[in-house]
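*Asks:* Structure provided below as structure tokens; questions to follow.
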Amino acid sequence: MQPRGQPPSAPRPGPARPYAPPWALLLLLLTLRGAAVPLQDPAVPLQGPRGTDVPAPPSWAMLQQAARVALHFFNFHSGSPSELRVLANVQTGGWQVDPRRGYHINLVFSTESYHLQDGKPRLGKCFARVFFQNQKPRPAITMTCTGLSEKNRTLQEDHLLYEQLKQMKDALTVSSIPDDYGNIDPSMRPIWDLAVLGSSYVMWERTTQFSYYYPLQLSRVKQWKTSDHAIDFDYTVLLHEFPTQEIVPCHIHLIWYPGKPLKVKYWCEEMQTPVEASSGTEEGSAVALTEFSNF
């Protein structure tokens, strides 16, 4: 999910508070425990025990990559199209390199809401720990975010979107969202938002330290009717893979109801079998703890 242009600069800090924010305390704790390492110059070669080679440290681009995939994880587990977030800026980061396993990356980054509120984005901040396994997809992620919307407000916004979708009384079948010129009809915006939410799981699953994805277009959408009043969609999303520039079609079946876990089943064209997941469980996830906080 691409940001809507140049991210805004970080807001000025407010008056001093008698407590440190949770992300700062977590970063300090992990630093003291050796999990966060000061940023190093990528041009300086690293040496392991007895002169053995160690993989090069992550570049600033990889820190951005870690922030992006953490937001895919966040968006999926939030289960809310109204709480979709995009990356604003990576503020700081550190890492440990395990030559046999991969990269442990700790970072703090700012986010903004995917949707403008009164013409302004809702800003937030996240601390994340991302583990990229060597040459393997689906990084393991733990994260904490602040500056999110109040739960009741998010649920109200989700119910408004839900009602918009339910007003489409007939089974809906559309294609090409956005169109070939990048435009999305306002009536199709709820469909796009929900599709991006479901695609977040696929993008998290497929991301490695060398590749990442953006949803480019929905080439097919079909709304199914269900007896439990949930929104039930079957759609094909074209994912733009970087840096290969390949277009990867993925077929996704999504079931969503406000306040309930998001359920996703997907199959991409090169896969042998489909994958199922629910945002309310740890199925398919290597995550030990995920915490979403409102302040």
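The values are calculated or read from the model by the stated rules, or taken from the named source; none is laboratory data. Keep in mind that what you see is a predicted model, and the values were worked out from it rather than measured. Heads up, the Cβs are rebuilt from the backbone with ideal geometry, glycines too, and the neighbour counts pull from every protein chain shown. SASA here: full protein model, heavy atoms, side chains in, ligands and nucleic acids out. Shrake-Rupley method; radii C 1.70, N 1.55, O 1.52, S 1.80 Å.
*Asks:* Could you tell me which residue of region 172-208 is surrounded by the fewest Cβ atoms within 10 Å (Cβ to Cβ), considering only residues that are in contact (Cβ under 8 Å) with a residue 60 or more places away in the chain and of a type in the set (A, V, I, L, M, F, W, C)?
*Replies:* The selected residue is 196.
So that you can scan it fast, the table gives a plain yes or no per residue for (1) modelled with pLDDT under 90; (2) within 18 Å of residue 197 (Cα to Cα):
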{"site": "62", "(1), (2)": "yes, no"}
{"site": "80", "(1), (2)": "no, yes"}
{"site": "93", "(1), (2)": "no, no"}
{"site": "111", "(1), (2)": "no, yes"}
{"site": "126", "(1), (2)": "no, no"}
{"site": "135", "(1), (2)": "yes, no"}
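Rundown of residues vs (1) buried (at least 16 other Cβ atoms within 10 Å of the Cβ); (2) closer than 15 Å to residue 77 by Cα; (3) under 19 Å from the mean Cα position of the chain (by Cα), yes/no style:
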site	(1), (2), (3)
131	yes, no, yes
135	no, no, no
140	yes, yes, yes
144	yes, yes, yes
148	yes, yes, yes
154	yes, yes, yes
157	yes, no, no
161	yes, no, no
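*Asks:* For region 83-102: of the residues being within 18 Å of residue 68 (Cα to Cα) and polar (S, T, N, Q), which is nearest to the chain's Cα centre (by Cα)?
*Replies:* Only one residue tops the list, namely 89.
*Asks:* For region 72-84, how many residues meet the condition of being under 17 Å from residue 202 (Cβ atoms) and open to solvent by less than 10 Å² (accessible area, probe 1.4 Å)?
*Replies:* Residues in region 72-84 being under 17 Å from residue 202 (Cβ atoms) and open to solvent by less than 10 Å² (accessible area, probe 1.4 Å): 7 in total.
*Asks:* Applying the selection to region 201-218, what residues are of a type outside the set (Ser, Thr, Tyr) and in contact with a helix residue (DSSP H, G or I) (Cβ under 7 Å, 6 or more places away or on another chain)?
*Replies:* Those that are of a type outside the set (Ser, Thr, Tyr) and in contact with a helix residue (DSSP H, G or I) (Cβ under 7 Å, 6 or more places away or on another chain): 203, 204, 209, 215, 218.
*Asks:* Given the structure, is residue 211 open to solvent by 10 Å² or more (accessible area, probe 1.4 Å) and more than 21 Å from the chain's Cα centre (by Cα)?
*Replies:* no
*Asks:* Any residue at all in region 217-228 that's out of contact with any strand residue (DSSP E or B) (no Cβ under 6 Å at 6 or more places or on another chain) and either modelled with pLDDT of 85 or more or among the acidic types (Asp, Glu) (or both)?
*Replies:* Yes, there is a match, as at least one residue in region 217-228 is out of contact with any strand residue (DSSP E or B) (no Cβ under 6 Å at 6 or more places or on another chain) and either modelled with pLDDT of 85 or more or among the acidic types (Asp, Glu) (or both).
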